Each structure stands twice: as C-alpha cells, then as structure tokens.
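The values are calculated or read from the model by the stated rules, or taken from the named source; none is laboratory data. If you're wondering where the values come from, they're calculated on a predicted model, not measured in any experiment. Backbone-built Cβ (ideal geometry, glycine too); neighbour counts: all protein chains shown. For the accessible areas, the whole protein counts, side chains as well, though only heavy atoms, and no ligand, DNA or RNA atoms are used. Shrake-Rupley method; radii C 1.70, N 1.55, O 1.52, S 1.80 Å.
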Amino acid sequence: MRYPTLYSFRRCPYAMRARLALAASGIKTELREVVLKDKPAELLAISPKGTVPVLQTETGKVIDESIDIMRWALEKRDPEEWYQTLTHQQKQHCDELIANNDGEFKYYLDRYKYADRYPEYPELYYREQGEATLQKLESLLAKNGCLLTEKWTMADIALLPFIRQFAFVDKDWFEQSPYPLVRDWLSEFLHSDLFANVMVKYEQWHADQPIVLFPETK
C-alpha cells in the first residue's frame, strides 16, 4: 500500500503543527525524519527550498507549507471538528490569527530566542513585542475557552507550537507572567496524549530503511 510521504523535523513548530493535524485526522503517512544539516536529496528534489514540513501525496502532489498540509488533512478527515465545522467567519478569524503568528509574532519570537544575534535591541524589547500577541490570545481565551470556540480548533493547534517556544525562552518569567489563561491553555496541550504522540523521537531517515508510519498504530 502506498502512503503520502511526510518530511518532518521533530522540534520544528511548523512541522509540529502538520503532524498534529495528520495525527488528529488519522491519515497514515510515511514519516521521513530530517536532520536539517543533512537534508536528503529526495526532499530537495521535490522541494528545493529545503524546509520542513513537506508532504508528497499518493498522487505525487507536493505540499510544502505547514498550513496547507493542515488543511489538506482536515479537509479529508476531521473527527475532532477542528476545521470543517467552523463558520466562514471563524475560518477568516483562524486565518488572521495564523497570519499574525507566522508574521509579526514569529519575527519577534526569533529575536527573543536569539537576542544575542540581534543586538539592535535588548531581549526584553523583543519579549515585550511578542507579548502583544499573548495579550490578544489571553482575551480570546477569556471569551471563548479556546481561541475560536470552547474547544481546540485549527487556530489553537497552529499557534500552540510557537507559544511553546516563546514560553520556553524564559520559563520563570512565563510562569509569573500576567497570562494565566495562556499558561493553562499551553499546559493542557503539553500534557495531552496528542502532543506526546507527535513528539515521539525517530531516527534520521535513510532511503534504505524500512518504512516508518505516522501516526503510529495503537
């Protein structure tokens, strides 16, 4: 049986969100764990930009943007009702949240994580700029329980891997920060079976190894 092929890297938040959607959908893929300093020729042949995640479907179509992989999976099968049941307005809000996360928030997240590489401003400045997004999320969580509804949707799953990175830059600060709902939201995610399942460690993929299926069969 032929499966879609997923090139992934365990700690990459973009790859993480793709794996989360695939795991929730239950769509089996052949997982190829990539070491970013040693990218396989097979990956570069189908996606020369060499970033992960990249999904090649059974028909050979290449999807090399994480959000597009999420939509591909959830449009096929969405048992958790993360996407298909959203209203048009909710889908628009989802897109807006993702655009802010992948744009402004990611820009300041990278500088907060690696402040020594960006000496134009101190670390505190970059954190404060990122906090603008945390403030918005705190308000949404207070209103809805999760970002769009009372339970996770594609918006939550697309953003949580990046909020995880932000929180881990300075855990002591984050635990004392004025965002208790964001903390609880992230904690629920980090302690979920879903997160544990997508963070299983795999060895670097090589062409001669047996196929590794993801998500794993229970």
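Does T29 count as surrounded by fewer than 13 Cβ atoms within 10 Å (Cβ to Cβ), hydroxyl-bearing (S, T, Y) and out of contact with any Asp or Glu (no Cβ under 9 Å at 6 or more places or on another chain)? No, not satisfied. Being in contact with a helix residue (DSSP H, G or I) (Cβ under 8 Å, 6 or more places away or on another chain), farther than 18 Å from A18 by Cβ, of a type outside the set (V, I, T) and touching a residue at least 24 places away in the same chain (Cβ under 8 Å) holds for only one residue in Y112, Y121, and it is Y112. Would a scan of the range 140-153 turn up a residue that is open to solvent by less than 30 Å² (accessible area, probe 1.4 Å), in a helix (DSSP H, G or I) and farther than 18 Å from K91 by Cβ? Yes, the conditions are met somewhere in the range 140-153.
Looking at the range 49-61, is at least one residue of a type in the set (D, E, K, R) and within 16 Å of the chain's Cα centre (by Cα)? No, because not a single residue in the range 49-61 is of a type in the set (D, E, K, R) and within 16 Å of the chain's Cα centre (by Cα).
Test of understanding: among P53, P40, P4, which residue is over 18 Å from D156 (Cβ atoms), open to solvent by less than 10 Å² (accessible area, probe 1.4 Å) and out of contact with any Cys (no Cβ under 8 Å at 6 or more places or on another chain)? From the options P53, P40, P4, the qualifying one is P4.
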